[in-house]
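Undergrad: Next up is a structure, given as structure tokens.
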């Protein structure tokens, strides 16, 4: 009885996930290391660049924050960013899979890792 319930639950979950829109993001990614500096490393998934209205795009990025001391192993985070290519502004719409509903448009404040994401993503879209 318990085995049947478990099997049914697992089958139902797989069926639901098969039709969920976010499940398509689990496929192959095309990670490209954009830049590395003292703060960490920044990657861009070139396959994730999607055009949006008003000169905006959506992209998936990965950031590895370098360890701050010998006891720390660093931190890896995934971001879905919305970028306005005309204004060179961005906002994080998701961090590590958690939606950021109240995120505000902001500039990079001369953060070279964010700058390279904006520049590369916008130019990649133009070159398609």
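The values are calculated or read from the model by the stated rules, or taken from the named source; none is laboratory data. Predicted model only: the values in this text are computed from it and were never measured. Cβ coordinates were reconstructed from backbone atoms using ideal geometry, including for glycine residues, and neighbour counts include every protein chain displayed.
Undergrad: Restricting to the range 47-85, what's the tally of residues that are farther than 22 Å from residue 104 by Cα, in contact (Cβ under 8 Å) with a residue 12 or more places away in the chain and in a strand (DSSP E or B)?
TA: The total comes to 4.
Undergrad: Among the residues of the range 100-127, what is the count of those that are more than 15 Å from residue 82 (Cα to Cα) and touching a strand residue (DSSP E or B) at 6+ places or on another chain (Cβ under 8 Å)?
TA: 2
Undergrad: Continuing with the same structure: Could you look through the range 49-72, keep only residues that are touching a helix residue (DSSP H, G or I) at 6+ places or on another chain (Cβ under 8 Å) and buried (at least 16 other Cβ atoms within 10 Å of the Cβ), and pick out the one that is nearest to residue 86 (Cα to Cα)?
TA: Looking at residues that are touching a helix residue (DSSP H, G or I) at 6+ places or on another chain (Cβ under 8 Å) and buried (at least 16 other Cβ atoms within 10 Å of the Cβ), I get 57.
Undergrad: Please verify whether residue 114 is closer than 25 Å to residue 28 by Cα and in contact with a helix residue (DSSP H, G or I) (Cβ under 7 Å, 6 or more places away or on another chain), treating the condition exactly as stated.
TA: For residue 114, the condition - closer than 25 Å to residue 28 by Cα and in contact with a helix residue (DSSP H, G or I) (Cβ under 7 Å, 6 or more places away or on another chain) - is not met.
Undergrad: For residue 44, indicate whether it is outside any loop (DSSP other than H, G, I, E, B) and either at pLDDT below 95 or loosely packed, with under 12 Cβ neighbours inside 10 Å (or both).
TA: It is false that residue 44 is outside any loop (DSSP other than H, G, I, E, B) and either at pLDDT below 95 or loosely packed, with under 12 Cβ neighbours inside 10 Å (or both).
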